[in-house]
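Here, each number is a calculation from the coordinates, and none is a lab measurement. All figures in this text were calculated on a predicted structure; none of them were measured in a lab. Neighbour counts run over all protein chains shown; Cβ positions are idealised from the backbone, glycine included.
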Amino acid sequence: MIADRYKVEREIGRGGMATVYLCTDNQGGENVAVKLLRPELGSAVVKERFLREISFASELDHPQIPKVLGSGILDGVPFYVMTYIDGESLRARLDREKQLPIDEAIRIAQAIARPTAYAHSRGIIHRDIKPANVLLSNDSVYVLDFGVARAHGIYGPWQRAKQNPILKSDKRWKCPGHGAVLQSPNGHWWLLYNGYRANGPPPRSRSTARWSSE
C-alpha cells in the first residue's frame, strides 16, 4: 500500500531512477500508475531531479502524455500518480518483431512528434525520447518519462542543434511527403535507426528508393 490509498498490484516498469507500479486507487477503485523514486537513490540531487519531473509532467495536458493525478511523499521518498494505460513499449515491440513496416514506422514517428511538439510549445524539452519511453496501446501512441527533461525556449536549442553535424539527418532517409517527421526540431534522430530496422540499408539508387530524397 502506498500512502494508505494506492494498493500495489504489480511492478510494471523500472528505470534508473524510479519504479512504476500498477495500483488500485482505494478511493475510486480505478487502476492508476504510481511512480516511486527508488529509496537507495534518495540523494538531494536525485530528489530534486525527480521533483522537477513531477513539476514538468503536471504542467502538461495532452491526450498522448499520461496525466498526473497527484503526488506525495512516502517515508521521505517522493512519488506521483498517473493515469494507467495498458500497452507495451516500442522497445518491447521492436525486440519481438525486429522490423516494422514502413507505414507503421511513419505512423508511430508522426504520433510521437505530436506530444513532444506540444511539450516544446510549453517550453519543456524531453531529451530522452527512445523506444523504451514510447508506449503503444492499440492504435494510440504515448510519450512517457520526463525524468531528464529541461525547461528551455524552443528556438535557441534547435538552432544550435542544426549546427551539430552529428544531428544532421541523412538525406537518403527522407521519405517523400514525410521529411518533416525525420527532421523535427527535437533531436529524435533515433527514428533514423528505426527506419533502418524497418526497411533495411539505405537505397543505393533512385530506381529502388522508397525512402530516397527527391
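The residue that is surrounded by the most Cβ atoms within 10 Å (Cβ to Cβ), counting only those in the stretch 77-91 that are touching a helix residue (DSSP H, G or I) at 6+ places or on another chain (Cβ under 8 Å) and within 27 Å of E40 (Cα to Cα), is Y80. Across the stretch 94-106, the qualifying residues are those that are out of contact with any Pro (no Cβ under 8 Å at 6 or more places or on another chain) and touching a residue at least 24 places away in the same chain (Cβ under 8 Å), and the one among them that is surrounded by the fewest Cβ atoms within 10 Å (Cβ to Cβ) is K98.
Within the stretch 115-142, the set of residues being out of contact with any Lys or Arg (no Cβ under 9 Å at 6 or more places or on another chain), under 19 Å from R49 (Cβ atoms) and among the hydrophobic types (A, V, I, L, M, F, W, C) comprises A119, I129.
Can you work out which of the residues in the stretch 1-23 that are without any contact (Cβ under 8 Å) to a residue 60 or more places away in the chain and among the hydroxyl-bearing types (S, T, Y) is surrounded by the fewest Cβ atoms within 10 Å (Cβ to Cβ)? By that ranking, first place goes to T19. Say we look at the stretch 70-90 and pick out the residues that are in a loop (DSSP other than H, G, I, E, B) and among the acidic types (D, E); which of these is farthest from C23 (Cα to Cα)? Restricting to residues being in a loop (DSSP other than H, G, I, E, B) and among the acidic types (D, E), the top hit is D75.
Listed by first and then second residue, the pairs linking a residue in the stretch 24-35 that is within 13 Å of D4 (Cβ to Cβ) to a residue that is not in a strand (DSSP E or B), with Cβ atoms under 6 Å apart and 6 or more places separating them unless they lie on different chains, are N26/R5.
Scanning the stretch 91-144 for residues that are within 20 Å of V20 (Cβ to Cβ) and among the small types (G, A, S) yields A92, A119, A132, S137, S140.
The set of residues from the stretch 33-57 being surrounded by 15 or more Cβ atoms within 10 Å (Cβ to Cβ) and hydroxyl-bearing (S, T, Y) comprises just one member, S55. Checking each residue in the stretch 54-76 for being in contact with a helix residue (DSSP H, G or I) (Cβ under 6 Å, 6 or more places away or on another chain) and without any contact (Cβ under 8 Å) to a residue 40 or more places away in the chain picks out V68, S71.
Only one of the numbered conditions (1) under 15 Å from D86 (Cα atoms); (2) assigned to a loop (DSSP other than H, G, I, E, B); (3) among the polar types (S, T, N, Q) is not met by T24, and that is (2).
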